[in-house]
2 protein chains.
Amino acid sequence: MAKRVTIIDVAEAAGVSRQTVSRAMNDAWGISESTRRKVLEAADRLGYRPSRFARNLVTREKTHALGVMVASFGNPYYTDIAASLLAAAAERGWQIMLTAGESGVEEALSLLAPQVDVIVGHFGIADERLRDVCGGLPVVRMESEVPHDAERLPGFHSVGLDMQSGIQEAVKELRDRGARRFGMVESGHFQRYFGTYEPSARRRWYEEAVGEALSGVVIGDESISGGGRAFAELMERHPDTDAVLMFNDLMALGAVQSAHALGIDVPGRVRIVGVDGLSLGEAVDPPLTSIALDRDELARHVMDIVEILAGADFARIDPIERSVPSRLLWRGSA
Amino acid sequence: MAKRVTIIDVAEAAGVSRQTVSRAMNDAWGISESTRRKVLEAADRLGYRPSRFARNLVTREKTHALGVMVASFGNPYYTDIAASLLAAAAERGWQIMLTAGESGVEEALSLLAPQVDVIVGHFGIADERLRDVCGGLPVVRMESEVPHDAERLPGFHSVGLDMQSGIQEAVKELRDRGARRFGMVESGHFQRYFGTYEPSARRRWYEEAVGEALSGVVIGDESISGGGRAFAELMERHPDTDAVLMFNDLMALGAVQSAHALGIDVPGRVRIVGVDGLSLGEAVDPPLTSIALDRDELARHVMDIVEILAGADFARIDPIERSVPSRLLWRGSA
DNA sequence: ACAAGTTTCGGGAAGGTTCACGATAGGGTC
DNA sequence: GACCCTATCGTGAACCTTCCCGAAACTTGT
């Protein structure tokens with residue numbers, strides 16, 4: 001194992017002191033041009049690289065780092081969120097260290113944790129395991145629903161998404177435009193995950209909003225193709241459906257494609273509404289109507305919490321829970 | 001300015017030594033349950049957080065950090081690349097610290113640089129400025145074309161994209177399928193950037209490949225809508241065009257939408273080919289045919305270089321230049 | 001009760017850098 | 001030549017944690 005080249009090695013090689021090397025490297029004031037060149041040459045020859053840890057240690061670590069974990073980076077839902085987070089963090093002078101949970105949440109986290117001050121993300125594992133793997137770091141969870149009243153461990157905070165208002169608004173708008181029979185494609189994710197099916201909050205709010213006008217609900221995979229298949233099944237089993245809420249935009253994209261393939265006019269024959277408000281939804285034809293998560297506000301909330309946590313004594317702070325409202329993004333598909 | 005709570009403060013508060021506090025925090029072996037609790041309680045009370053820099057300093061900084069800068073995180077081209085980079089980096093045990101250049105490339109870089117070992121990305125600024133702002137860190141550039149023979153500064157490496165083979169392949173395939181008149185929508189980006197227009201490598205390769213069969217070239221904005229407008233203009237000015245190369249997939253998306261709006265059948269009346277191979281291209285209808293950048297291979301090359309650079313003595317390494325080939329991704333739009 | 005072993009804890013050092021300040025040398029002024 | 005000033009460079013300390021190893025305390029066996 002090659003020993004690290006330190007500032008002292010360079011100093012000796014150049015025949016000067018540490019301090020002089022430091023001055024040369026940071027092109028500081030108080031060093032003659034000739035010795036600077038001499039030192040730089042020696043550093044070059046030895047392949048010297050200052051240790052960023054030693055440097056940050058002594059410069060009082062002014063920069064804060066935020067660890068962000070998303071489930072998958074191939075999913076536009078997460079990249080959109082990461083984009084907003086990145087912007088909000090940059091605005092407040094935080095650096096973002098990013099990782100994805102695709103191949104081992106715990107391993108990725110244990111690598112990320114020692115490098116950052118706070119961790120935020122979608123994890124899909126329980127608080128207890130999270131605490132073990134994060135080494136006591138404060139954690140901010142981004143939930144896909146309003147945080148339920150679960151007992152949070154200390155040091156665990158969350159920002160949830162309140163979809164009730166958005167769903168109500170969407171149903172009202174659909175009604176105003178003449179929709180009479182409301183269907184929904186629900187996610188099978190929970191079921192696959194927990195074994196037992198439990199209706200999602202989205203479904204509960206939707207059913208409450210449409211009441212008697214519900215035509216049917218079909219469960220599908222959380223993917224474009226899964227959404228397409230489920231949509232086709234829904235239309236076959238409940239042909240009178242003229243408005244559909246898709247569990248998310250990815251599935252809604254599949255539904256639009258599927259409708260096109262089946263010769264079903266959108267939004268003429270059936271109106272399709274997604275959830276998430278992906279920017280990707282603008283790129284398709286017709287552009288996707290969606291109940292949008294305001295990602296910038298989400299990011300703002302996250303950064304608010306993060307800064308509270310970073311402001312010393314985080315350990316004494318009670319779990320913070322916030323939620324961001326959704327809003328209807330009326331585009332072409334409904 | 002509140003002084004930092006150190007391990008010594010906790011030790012004094014708990015009436016033990018540093019070492020014991022360290023043991024308690026890292027739940028190491030060799031400490032009784034009662035003292036552990038006592039220490040943890042004291043740490044909690046004081047709001048103690050171990051310094052990640054001091055810790056990493058002594059644990060010999062085994063984890064390497066890669067700084068990644070992309071132009072914009074809202075652009076799927078960059079997020080796709082970031083995704084591949086993230087996967088490749090995770091595979092080799094590197095952490096990724098991400099930033100975007102949207103609001104100030106230099107400022108973002110100067111924040112990023114002290115935190116990482118190598119920097120890679122799309123920058124849009126000259127080597128000289130980059131060197132100043134990165135403090136001598138080695139840099140890997142991702143180029144949108146094959147690295148030209150510019151004089152690279154030492155410490156600057158690059159991976160470029162070789163599009164010639166992909167474009168040739170695409171033109172051949174289009175010919176085989178009956179295309180006779182070839183148009184292109186070119187990017188106006190260079191022109192806006194440098195004032196003076198210079199044909200892109202894509203255009204040069206394309207014109208060389210189609211030869212006499214070129215119907216016309218129109219310049220457009222590098223965006224969905226810009227692509228749509230330019231495509232419409234191309235079809236109006238050169239109505240005999242039956243195959244179009246769009247400068248990139250984003251613009252191609254606009255072209256497909258525009259064609260739809262104009263009642264032009266794709267690919268029946270005109271075949272549309274994009275460049276980049278965005279995963280987003282699969283989500284639209286018809287799915288986008290594209291000359292794809294193999295992002296995983298790009299990421300592999302980048303990580304290869306990065307690991308070479310990290311392996312000591314980087315300063316003595318001559319600029320490395322690599323290029324990744326493109327390949328034709330035949331989907332529905334051509 | 002004593003020896004031996006085990007558990008628990010502390011002191012000194014290391015890790016690589018920057019900061020504050022003191023030391024040295026050379027040049028100019030009188 | 002004494003004095004001061006400035007430009008340049010070096011020494012000790014600090015930053016905060018973990019590792020190594022020895023000391024102390026406690027447990028067990030006889």
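The values are calculated or read from the model by the stated rules, or taken from the named source; none is laboratory data. Keep in mind it's a predicted model, so treat the numbers as computed, not measured. Ideal geometry is used to build each Cβ from the backbone, glycine not excepted, and the neighbour counts take in all protein chains shown. Areas reflect the complete protein model, heavy atoms only, side chains present, ligands, DNA and RNA absent. Shrake-Rupley method; radii C 1.70, N 1.55, O 1.52, S 1.80 Å.
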Let's see if you can work this out: charge +1 on each Lys and Arg Cβ, -1 on each Asp and Glu Cβ, no other charges. What is the dipole magnitude of chain B about its Cα centre, in debye to the nearest 20? 1320 debye
Defining the label point at 7 Å along Cα→Cβ, can you sort the distances from B:Gly263 to the same site in each other copy, shortest first, in nm? 2.1
Backbone N within the stretch B:104-133 under 13 Å of label point (7 Å from B:Glu151 Cα along the Cβ vector): B:128
Residues of B:109-119, mean number of Cβ from any other protein chain within 10 Å of their own Cβ, rounded to a whole number? 3
Per 5 Å bin, what percent of the C-alpha pairs of the stretch B:195-243 does each bin hold, from zero upward? 5, 19, 23, 27, 21, 5, 0
Is there a simple number for the mean count of other chain Cβ atoms within 10 Å of the Cβ of residues in A:89-99, and what is it? 5
Asserting the computed 222 nm helical MRE of chain A (DSSP H runs at least 4 long, -39500 (n - 2.57) per run, divided by residue count, to nearest 500) equals -13000 deg cm²/dmol
Quantify how strongly other chains surround peptide B:74-82 by giving the mean number of their Cβ atoms within 10 Å of each of its Cβ atoms. 4
Which of the listed residues, A:Ala310, A:Ala71, A:Ala252, is farthest toward the dipole's positive end in chain A, when Lys, Arg count +1 and Asp, Glu count -1 at the beta-carbon? A:Ala310
For the protein assembly as shown, the accessible surface attributable to carbon and sulfur atoms (probe 1.4 angstrom, ligands and nucleic acids excluded) amounts in percent to 50 percent
With a/c under 1.5 counting as rounded, go ahead and sort the protein assembly as shown into rounded, prolate or oblate using the C-alpha gyration tensor (a ≥ b ≥ c being the square roots of the eigenvalues; past the cut-off, prolate if a/b is larger than b/c, else oblate). oblate
Going residue by residue through the stretch A:52-58, the Karplus relation 6.51 cos²θ - 1.76 cosθ + 1.60 with θ = phi - 60° gives ³J(HN,Hα) values, rounded to whole Hz and with x marking Gly or Pro, of 5, 6, 4, 5, 5, 4, 7
By the scheme Lys and Arg +1, Asp and Glu -1, what is the net charge of all other residues having a beta-carbon under 15 Å from that of B:Ala14? +1
Can you give me the long-range amide H partners of B:Ala243? Hydrogens built in the peptide plane at 1.01 Å from N, cutoff under 5 Å, separation of 5 or more residues or another chain. B:Arg181, B:Gly183, B:Arg271
Can you tell me how the stretch B:178-334 classifies by the Cα gyration tensor, rounded, prolate or oblate, using a/c under 1.5 as the rounded cut? prolate
Quick one: 3J(HN,Hα) in Hz for the stretch B:325-334, Karplus 6.51/-1.76/1.60 with θ = phi - 60°, rounded, Gly and Pro as x. x, 9, 9, 7, 10, 7, 10, x, 8, 8
Give me, ordered by chain and number, the residues 5 or more places off B:Val120 or on other chains with an amide H under 5 Å from its own placed amide H. B:Gly67, B:Val68, B:Met69, B:Val140
Chain pair A, B: total accessible area buried, heavy atoms, 1.4 Å probe, Å²: 4700 Å²
Alpha-carbon radius of gyration plus Dmax, which is the widest Cα pair, for the stretch B:89-228 in Å: 18.8, 56
In this structure, the FRET efficiency calculated for A:Arg269 and A:Lys172 from their beta-carbon separation, with R0 = 30 Å, to the nearest 0.05, is 0.90
Once amide H atoms are built 1.01 Å from N in the peptide plane, which residues 5 or more positions from A:Arg322, or in another chain, come under 5 Å H to H? A:Ser158, A:Val159, A:Gly160
With one decimal in nm and the nearest listed first, the spacings from A:Gly211 to its own position in the other copies, using label points 7 Å along Cα-to-Cβ, are 7.2
Quickly rank A:106-113, A:12-19 as a protection proxy: mean count of other C-beta atoms within 10 Å, highest first. A:106-113, A:12-19
For the stretch A:317-324, in residue order, the Karplus 3J(HN,Hα) values (coefficients 6.51, -1.76, 1.60; θ = phi - 60°; whole Hz; Gly and Pro = x) are 7, 6, x, 9, 10, 10, 9, 10
Nearest-first distances (nm) between copies at A:Gly15, label 7 Å from Cα via Cβ: 5.9
Under the 7 Å Cα-to-Cβ spin-label approximation, A:Thr63 and B:Ser34 lie apart by a distance in nanometres of 4.7 nm
Rounded, prolate or oblate, given the Cα gyration tensor of chain B, with a/c below 1.5 counting as rounded? prolate
Using 1/(1 + (r/R0)^6) with R0 = 51 angstrom and r between the beta carbons of A:Glu41 and B:Arg45, what's the FRET efficiency to the nearest 0.05? 0.45
What FRET efficiency, computed as 1/(1 + (r/R0)^6) with R0 = 51 Å and r the Cβ-Cβ distance, is obtained for B:His260 and B:Ser110, rounded to the nearest 0.05? 0.65
Suppose all protein chains stay in the model; what accessible area per residue would a 1.4 Å probe give for the protein assembly as shown, in Å²? 44 Å²
For chain B, what is the percent of antiparallel DSSP beta bridges, rounded to the nearest 5? 10 percent
